[in-house]
1. Please go through (1) within 18 Å of the chain's Cα centre (by Cα); (2) part of a helix (DSSP H, G or I) for PRO184 and return the number of the only condition it doesn't satisfy.
2. For region 224-246, check the following and say yes or no: at least one residue is farther than 20 Å from ASP190 by Cβ and within 18 Å of the chain's Cα centre (by Cα).
3. Any residue in region 148-177 that's farther than 20 Å from ALA293 by Cβ: show its pairings with residues that are within 13 Å of the ligand (Cβ to nearest atom) and aliphatic (A, V, I, L, M) at Cβ separation under 6 Å, as long as the two are six or more apart or on different chains.
4. Just give me the residues in region 250-265 being under 18 Å from GLY183 (Cβ atoms) and either more than 8 Å from the ligand (Cβ to nearest atom) or modelled with pLDDT under 95 (or both), in sequence order.
5. Against the definition (more than 16 Å from the ligand (Cβ to nearest atom), farther than 30 Å from ARG43 by Cβ and surrounded by fewer than 21 Cβ atoms within 10 Å (Cβ to Cβ)), how does THR135 come out, yes or no?
6. Inside region 272-341, counting only strands (runs of 3 or more DSSP E) that do not spill past its ends, which hold 1 or more residues that are within 16 Å of the ligand (Cβ to nearest atom), hydrophobic (A, V, I, L, M, F, W, C) and within 16 Å of the chain's Cα centre (by Cα)?
7. All but one of (1) away from the ligand (no atom under 13 Å from the Cβ); (2) surrounded by fewer than 23 Cβ atoms within 10 Å (Cβ to Cβ) hold for ALA268; state the number of the condition that does not hold.
Amino acid sequence: MTGDRYTPTCVISGLGAWLPPRVVTNDELTAHLDTSDSWIRERTGIAARRRSAPGVSTGDLAVAAGELALKAAGGGPVDAVVLGTTTPDRLCPGTAPEVASRLGLTGAAAFDVSAVCTSFLYGLATAAGLIATGTAESVLLIGAETYSTILDPDDRTTSVIFGDGAGAMVLRAGRPMEPGAVGPVLLGSDGSQSDLIQIPAGGSRQRSTGAAAPRQDHYFRMNGSDTYRNAVLRTTAVAQAALERRGWSPDQVDRFAAHQANARIVDAVCDRLGIPPGEQRLSNIERVGNTAAASVPLLLAESVVEGRLRPGDRTLLAAFGGGLTWGATTVLWPDVPALTG
Ligand code: UT7
C-alpha cells in the first residue's frame, strides 16, 4: 500500500489543573440556605467547593490550567485550543481565542465547545478529529467553569452542588497502539429533555420575545431528580459501549474517571457497570464539588499528581450533562506529567 499515510491518533502528552483558592464549606452555605452539612454530604458526597474571586472569569481559570498543562507537556507548538465550558466570558465571541492569545498562541485555531458537563468529552472527540484530519498536530483542550457566576445564591438545589475550577490536557498526533492514545470517544444527546438543565434567559429564545426576563431566569436551573435518573442510565450505557468498543470488560478497568456530578450517581454507575468500590473509582467531589466541564480533566490531573492514576492503568472516562448530552472513552494511561495549582 505504498503512498498510504496512517491516520494519526490523538495521544495525551500532559495535564494541568487550577482551582481558585477560596474554599466554601457546607457550613458556610448553611448560614444563608435552608440546608445542612449532613444533607449535602449524604445526598451528594460534597463537603466543600471552590469559588472564584470577584472579577475572575472562566477565561482566567482556563489560562491558569492551560499554562500548567503546556508546561507539563514540555511546551512546543499548539495548533488548536478547544475550550469546553458552560460559563463563557461573554455570549459572543467565544472565550477560547482570547485564552489562546493570553497563552502566547495567537494564530492557533481556537473555539468553544458547549455541551455543559459533557463538554470535555465532546472536546476530546473534537481534538481527536482535528488531529485525525491533519488540521492540528497538537491540541490544548481545556474544561473551565465559573458556575458561581450563574448559580442563584438562594437556590439550595443547585448552589450546594457546583464549584469553580479548570482542567487542561495537551494532545498530540501519535499511533493508536501507544499508551495515552484516546478512544474511540462515544457521544450522544437527547434534546427532547433540554429543559432539565437550563439557563432560560439570555439567548435568542428569550431575547426574540422582546420582553425582559425575570431575574431568576438568568440563573442555572436543574430538575435534580430527573437529571439524576438520566445521568445514571446514560452514563452507564455509554461507558459500557466504550468498554465494548475497546474490548475491555468492567473487571479489567483499573481506574474510572467519571464526571463528578454527585457521589451517589458515580456509585450507582459503578455498581451497574461492575466496578467495585475502592481505588478504581477515582473521586475528588468531596473537596471540589461538581465542576461541570472541568470535572474530568481536574480529576485526572489531581489523580496523577497524587499517584492514584499511574502509567499502564486501563482508564475509563465518562460524563453526562445538560442537553442532554453524554460521552465516554478509554485510555491506557501514559507516563505523562501533570501539574496542579
Ligand atoms: O452535572 C451533571 C448534571 N447534574 C447532575 O447530574 C446532578 C443530578 N441530581 C442530583 O445530584 C440530585 O438530584 C440533587 C443533589 C440535586 C438532589 O438530590 P435528591 O436526592 O435527588 O433530592 P430530591 O431532588 O429528590 O429532593 C428531595 C428533597 C426535596 O424536599 P421534599 O420535596 O422531599 O420536601 C428537596 O426540596 O430534598 C430537598 N432538597 C434539599 N434539602 C436540603 C433539595 N436540595 C436540598 C438541600 N438541602 N440543599
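1. With respect to (1) within 18 Å of the chain's Cα centre (by Cα); (2) part of a helix (DSSP H, G or I), PRO184 is out only on (2).
2. No, the conditions are met nowhere in region 224-246.
3. Pairs found: ARG156/LEU33.
4. Hits for region 250-265 are GLN252, VAL253, ASP254, ARG255, PHE256, ALA257, ALA258.
5. Details: more than 16 Å from the ligand (Cβ to nearest atom): yes; farther than 30 Å from ARG43 by Cβ: yes; surrounded by fewer than 21 Cβ atoms within 10 Å (Cβ to Cβ): yes.
In short, yes.
6. It comes to 314-321, 325-332.
7. It fails just one condition, (1).
Yes or no, residue by residue, for (1) touching a Ser or Thr at 6+ places or on another chain (Cβ under 8 Å); (2) within 22 Å of PRO54 (Cα to Cα); (3) more than 15 Å from the ligand (Cβ to nearest atom):
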site: VAL116; (1), (2), (3): yes, no, no
site: LEU130; (1), (2), (3): no, no, yes
site: GLY143; (1), (2), (3): yes, yes, no
site: THR149; (1), (2), (3): yes, yes, yes
site: ASP164; (1), (2), (3): yes, yes, no
site: MET169; (1), (2), (3): no, no, yes
site: PRO179; (1), (2), (3): no, no, yes
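The values are calculated or read from the model by the stated rules, or taken from the named source; none is laboratory data. Please read these numbers as outputs of a predicted model, since none were measured by experiment. When we count neighbours, we look across all protein chains shown, and the Cβ atoms used for this are built from the backbone with ideal geometry, even at glycine.
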